[in-house]
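What follows is a set of notes on a single structure, which appears directly below.
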Amino acid sequence: MKRKKIRVEDIGKGRNEQLLTITGEDVMPLPCAPENGDCQQPVRPLTEEQRSGYECSLDGVSAVGIPKPKSKEEEDRLVQRFLDGLRKLLSQKDNWTFWQQLVLALENCVRCQTCSEACPIYLSSGKQEIYRPTYRAEVLRRIIRKYMRKGGGVLAKVTGEDIELNWATIARLAELAYRCTMCRRCAQWCPLGSDNGLITRELRKLFSQEMGIAPREIHESGTVQQLKVGSSTGITPPALENIISFMEEEIEEKTGKKIKIPFDREGADILLLHNAGEFISWPESVEAFAILFDATDISWTLSSELVGYDAVNYGVWYDDVQLVRIATKHAQVAKELGVKRINVGECGHAHKALLVVADRILTGDLNIPRESALPLLEDLVCNGKIKLDPGRNDFPVTLHDPCNMVRLMGIVEPQRRILSRICPQFREMEPHGVDNYCCGGGSGFAIMSSMNFQDWKETVSGRMKLKQILEAFQDVIDPGIHKYVCAPCSNCKGQIRDLLNSRGAWENYGILYGGLVELMVNAMVDLEKPFIAWEWR
Amino acid sequence: MILEACEIAGAANLLFWNSPRQVAESKKGDRIVFLYIVVGIYYGSIAFCVIASLVRLIKFAVAPIHLRWEFYRTSSLYELSDWWARDHVRLVDKLKPVVLEILFLRDYYIRNRGLWYFLFPFHVGIYLLILWHIWYLVLPMIVNIRVDPFWGLMWGHVATVLASIGGLGILVKRMTDEDLRAYYPSIHYLKWVFILLTLFGGFYAVHCCLGASMPSIEEAEIGLYPPSSIVIHALLSSAWLIYLPFSHILRLFFRYYHHVRWDDVPNVRGSGLERKVKRLLDQPVRWSAPHIPHGRKWEDFSSEREQGTEGSRNT
């Protein structure tokens with residue numbers, strides 16, 4: 001039976017009704033065996049206790065964990081705060097950081113819906129209206145027209161663009177701001193340059209900077225923890241020292257090489273910034289960097305200073321103030337060490353935040369040259385600075401393009417040139433490059449897993465990527481053939497790990513994932529044993 | 001989206017050349033008053049269009065610079081390890097996709113072919129109409145050329161027919177395609193009807209009044225009487241002129257030249273851009289969430305020791 005189409009104005013109606021329930025029949029089919037297909041209810045319903053405590057009337061999912069207001073007065077107060085925040089969002093003084101982009105994105109849209117066909121979430125969900133890239137933008141436009149302009153109420157009725165601003169609208173809109181990965185594929189496709197990803201970000205900003213509403217994983221456990229203890233992972237400087245010692249031992253165990261990972265080396269050429277998630281979840285990536293740099297004459301160091309050993313800057317996804325705090329801290333650490341430049345390792349959003357977005361935050365001696373690790377790695381491979389044997393990587397490899405590095409920074413070719421040199425069975429996903437699909441973990445989703453959000457991101461936001469991976473390996477899908485998804489981004493790796501795990505892709509298809517540097521070290525001729533351990537982690 | 005622009009010149013010039021002076025000779029006083037009103041409305045709408053457009057352009061031009069948020073169609077300088085020492089994208093390289101986009105609507109051709117089939121003839125028609133007005137009505141005012149009436153009529157009609165076919169197709173597609181109907185304000189359907197009426201009106205005014213022997217400017221100045229169809233066309237065009245500053249034509253301008261999409265201009269130490277950034281960082285931060293202490297400036301966040309450690313959720 002065909003569902004009733006959800007309209008823009010529905011967002012403010014039916015306070016306690018759920019606008020959408022995703023079923024297994026809705027979602028886009030995957031090219032894999034039926035035993036791994038979706039059940040009727042791919043996103044587990046929240047428990048009664050969760051439902052009574054948290055807002056979930058958008059789609060039965062709680063990503064943000066917004067507590068339900070206790071009274072009508074509290075609801076009214078929150079509505080008022082939303083309007084206060086909206087005024088600031090539309091003010092050049094309060095929102096100089098993104099005012100131009102926001103206003104253009106709001107005004108440029110001609111509702112041609114070209115962007116809809118670009119959005120992996122909209123497509124993967126079976127084209128659910130609320131996930132259409134323009135849905136939340138249209139809600140915001142209507143609110144602005146009605147509540148921010150004189151005579152807006154009358155005009156809204158006359159033009160048929162009415163909307164009610166109440167707590168239901170705001171709570172659903174807050175959740176909706178976390179149903180978009182900000183991959184900005186829609187913006188790339190928009191013939192008029194309207195950026196729905198930016199509208200998503202600015203909505204998140206309004207909620208965070210004015211109302212104090214943000215997912216715990218991104219704010220309290222994310223930026224706040226990073227600024228307080230040094231890393232969003234919770235790793236403190238003393239803990240880091242232990243981890244690094246362990247890595248040095250592991251390197252020796254794996255390669256026989258005694259390598260001292262440099263820390264706080266003043267005057268080094270490069271301060272290497274890793275996503276601290278690598279230290280915990282993928283230490284082999286940090287080890288691989290150390291092995292590669294040790295094999296060359298690169299002058300480099302890590303930092304043990306607070307924030308200086310964690311490249312992440314979640315502020316770029318939701319909050320300008322936190323973005324500024326972390327970006328300047330990164331620059332201060334580099335300045336104090338006296339390094340010539342900052343090199344960002346395999347972390348997409350850290351690239352975008354520090355190299356591009358922070359460019360107009362850092363001034364004077366904080367404006368230190370900042371670069372991606374990929375060109376440096378390309379130089380090692382393509383200019384023969386390390387000896388590599390492609391035969392050691394003679395297994396199918398495909399490449400995931402992290403949105404932040406590729407579409408949003410134009411770093412497209414170095415990783416391809418490296419893989420072409422060292423992986424004889426390298427094959428592209430389709431589409432790829434600047435037209436790539438997000439892994440589904442972008443804009444913080446990879447680290448968000450509260451309540452039933454994990455189900456949602458595995459079922460919906462990451463579905464297109466899973467489809468791409470499976471299709472890339474269709475000709476070698478036999479689990480006996482080891483295959484490798486190369487994802488040179490920490491958050492993407494986390495999301496791809498969860499996606500593959502949800503389908504048992506290692507057991508069923510022999511698909512493993514990892515970064516780029518692991519493949520490089522795996523191909524080094526002076527290593528006796530393969531660096532890549534073919535085991536699930 | 002550029003329809004509005006082309007309609008300006010047609011009605012303006014026809015009214016101009018059929019000035020009230022000639023009407024006065026017809027001894028029809030009421031007609032004179034009426035025509036003065038029409039001319040007033042018309043030139044008033046031009047003035048309004050210019051002033052309102054300038055106000056909007058200036059509003060964007062003086063807006064504070066923003067943080068960078070570009071995206072890329074292909075490889076960028078960030079693929080180089082010393083990108084900060086290289087020349088960034090030249091204006092001519094930025095303009096290339098712009099020209100392709102304006103002339104051929106390339107993005108629509110690639111991403112939304114169904115709509116492109118109608119958008120393209122519509123835009124080509126509009127471009128031809130703009131050129132027609134320049135060629136047939138404006139140029140003779142500036143240089144001494146005589147335009148062949150037959151080709152003038154043909155060009156104008158072909159352009160109008162193309163724009164009308166495209167416009168009608170867009171309207172029908174907008175009404176019948178479920179995706180295109182989504183969120184399209186009802187009032188915008190009326191806009192398309194109005195566009196088509198203006199196009200049909202222009203066609204009728206030129207064809208029926210000037211006929212196959214369309215007069216030159218000199219002829220028009222000497223004796224042409226302004227028929228009602230031209231007056232109506234002028235009034236419709238005036239409405240477009242008033243709407244123009246709020247339409248997509250200005251947005252189109254910003255689409256290509258605003259420093260947003262493909263800006264790619266780095267902040268260099270000691271540059272004018274850096275000075276602007278410093279001034280903005282000196283602004284107070286007035287957001288109210290618990291992790292943003294009251295009375296701070298942006299630059300204060302870079303010097304604080306205990307930073308952003310307050311929790312967020314306070315609902």
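For the range A:120-230, the dipole from Cβ point charges (+1 on Lys and Arg, -1 on Asp and Glu) about the Cα centre works out to 220 debye, to the nearest 20.
Taking the Cα centre of the range A:200-318 as origin, sum charge times position over the Cβ atoms of Lys and Arg (+1) and Asp and Glu (-1), and report the length of that vector in debye to the nearest 20.
Working: 10 positive and 20 negative charges, 97 e Å.
Rounded to the nearest 20 debye, it is 460 debye.
Of the residues A:204, B:275, the one with the largest accessible area comes first in the ranking B:275, A:204, computed with a 1.4 Å probe on protein heavy atoms.
Look at the stretch B:170-180: the mean tally of other chain Cβ atoms within 10 Å of its residues' Cβ atoms is 2.
Counting Cβ atoms of other protein chains within 10 Å of each Cβ in A:139-145 and taking the mean gives 1. In the protein assembly as shown, taking the dipole from charged Cβ atoms about the Cα centre, the farthest positive-side position among B:295, A:423, B:182 is held by B:182. Between 0 and 90 degrees, the angle of helix A:196-211 with respect to the longest Cα principal axis of chain A falls at about 80 degrees. Taking every protein chain into account, the 1.4 Å probe leaves residue B:73 with about 80 Å² of accessible area, to the nearest ten. Selection among A:350, A:315, A:328 by position relative to the dipole of the range A:314-360 gives A:328 as farthest towards the positive end (Cβ unit charges, Cα centre).
So which of A:93/A:146; A:254/A:385; A:5/A:157; A:352/A:465; A:340/B:297 end up more than 24 Å apart, counting from Cα to Cα? Could you put the intermediate results ahead of the total?
Values: A:93/A:146 22 Å; A:254/A:385 22 Å; A:5/A:157 21 Å; A:352/A:465 21 Å; A:340/B:297 29 Å.
Beyond 24 Å: A:340/B:297.
For the set A:260, B:297, solvent exposure ranked by accessible area (probe 1.4 Å, protein chains only) runs largest to smallest as A:260, B:297. Per-residue ellipticity at 222 nm, computed for the protein assembly as shown from helices alone with -39500 (n - 2.57) per DSSP H run of at least four residues, works out to -14500 deg cm²/dmol. Structural size metrics of the protein assembly as shown, computed from C-alpha coordinates, are Rg and Dmax of 30.0, 108 Å. The mean number of Cβ atoms from other chains found within 10 Å of a Cβ in peptide A:216-223 is 3, as a whole number. Dipole magnitude for the range A:75-138: computed about the Cα centre from +1 point charges on Lys and Arg Cβ and -1 point charges on Asp and Glu Cβ, it is near 100 debye. Here's the list of aspartates and glutamates a cross-link from residue A:387 could span, going by alpha-carbon distance under 12 Å and ignoring same-chain residues fewer than 8 apart: A:526. For residue A:337, the shell of other residues with beta-carbons less than 12 Å away shows a net charge of -1, using +1 for Lys and Arg and -1 for Asp and Glu.
Legend: P(r) of the range A:45-184 from all alpha carbon pair distances, 5 Å bins from 0, whole percents, reading 2, 9, 15, 19, 21, 18, 11, 5, 1. Here's the picture: charge each Lys and Arg Cβ at +1 and each Asp and Glu Cβ at -1 in the protein assembly as shown, and of A:268, B:193, B:237 the one pushed furthest to the positive end of that dipole is B:237. Each of A:536, A:506 has its accessible area taken with a 1.4 Å probe; listed largest first, they run A:536, A:506. Using a 10 Å Cβ count of at most 12 others and DSSP loop calls, identify the longest part of chain A lacking such GluC sites (Glu not before Pro). Here the longest run is A:267-527.
The mean of 1/r over all distinct Cα pairs in the range A:397-495, once inverted, gives the Kirkwood hydrodynamic radius of 14.1 Å.
The values are calculated or read from the model by the stated rules, or taken from the named source; none is laboratory data. Being a predicted model, the structure only gives us computed values, none of them experimental. Every residue, glycine as well, gets a Cβ built from its backbone with ideal geometry; the counts of neighbours run over all protein chains shown. These accessible areas exclude ligands, DNA and RNA; they are computed on the full protein's heavy atoms, side chains included. Shrake-Rupley method; radii C 1.70, N 1.55, O 1.52, S 1.80 Å.
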